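Structure, as structure tokens:
The values are calculated or read from the model by the stated rules, or taken from the named source; none is laboratory data. Quick caveat: nothing in here was measured; it's all calculated off a predicted structure. Cβ: placed from backbone, ideal geometry, glycine included. Neighbour counts: every protein chain shown.
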């Protein structure tokens, strides 16, 4: 173990039992040092890690001592109040977090999500276009091109399943055309359709076979929603679920706080002297 870490008169190895490093009334013991070291460390590793830690620790302690010596008492009292408030907040958050994790029912029913959605129709307006689409990008020399094109155009469940089984022959693909996707994600997926030509291609119930230097594309658009349209429930469902979960969590926390306060009052633990 490294002992001559920093040259400083504050370090007095024998000042505190089991202390490895001492600075004034503060010290680090063997356990403090060993917790820093990874498994199977080398002597070189230990020297580097421990030296850096002790130098920073010593700097922090010296700064703290100088701050206490030079900051007036009223300001120190104010800082101590802030520190205590922060400590209370941290402990309370940790405690409430564990309680909610253990006891809060996180199951949000679909009917509650649907009711929230219906009650707030005007709140769910799209801020960008959405599309339902599928596509396959292939090498122009793909030997299954004709078969893939036929399956793609058919588009039923069986055909899509067969298309999925051939995915190793694609350069890229997306077949889940029942979900809503941001139009910007479509542009990211394939350059062949982009903002300069989207008005020609992004149309409901249209299928295209396109080519560029990167390959052949089969593209099918099922539905299109424009910015300002009402967002579909399936698209905003995760957001609504999180909103309802947060509301449930806040209500649960308020109940805990109220019960704690009532218990303290009823058991005379809390007394207010007039």
Condition check for residue 99: touching a strand residue (DSSP E or B) at 6+ places or on another chain (Cβ under 9 Å) and surrounded by fewer than 18 Cβ atoms within 10 Å (Cβ to Cβ): no
Residue satisfying condition, being surrounded by 11 or more Cβ atoms within 10 Å (Cβ to Cβ) and assigned to a helix (DSSP H, G or I), within set 270, 250: 250
Report, by residue number, each residue of segment 207-217 that is touching a residue at least 60 places away in the same chain (Cβ under 8 Å) and buried (at least 16 other Cβ atoms within 10 Å of the Cβ). 215, 216, 217
For segment 30-52, how many residues meet the condition of being touching a helix residue (DSSP H, G or I) at 6+ places or on another chain (Cβ under 8 Å) and either in a helix (DSSP H, G or I) or surrounded by 10 or more Cβ atoms within 10 Å (Cβ to Cβ) (or both)? 5
Being in contact with a strand residue (DSSP E or B) (Cβ under 8 Å, 6 or more places away or on another chain) and over 20 Å from residue 148 (Cβ atoms) is the filter here; which residues of segment 188-213 pass it? 191, 202, 203, 204, 205
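Conditions (1) surrounded by 11 or more Cβ atoms within 10 Å (Cβ to Cβ); (2) modelled with pLDDT of 95 or more, marked per residue:
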residue: 183; (1), (2): yes, yes
residue: 189; (1), (2): yes, no
residue: 197; (1), (2): yes, yes
residue: 205; (1), (2): no, yes
residue: 219; (1), (2): yes, yes
residue: 226; (1), (2): no, yes
residue: 232; (1), (2): yes, yes
Of the conditions (1) modelled with pLDDT of 75 or more; (2) in contact with a strand residue (DSSP E or B) (Cβ under 6 Å, 6 or more places away or on another chain); (3) surrounded by 11 or more Cβ atoms within 10 Å (Cβ to Cβ), residue 15 satisfies every one except a single condition; which number is it? (1)
Name the helices (runs of 4 or more DSSP H) wholly within segment 106-196 that hold at least 1 residues that are free of Cβ contacts under 8 Å to residues at least 40 places away in the same chain and not assigned by TED's automatic domain parsing to the domain that holds residue 221? 110-119
Give the residues of segment 96-105 that are in contact with a helix residue (DSSP H, G or I) (Cβ under 9 Å, 6 or more places away or on another chain) and in a helix (DSSP H, G or I), sorted by residue number. 96, 99, 100, 103
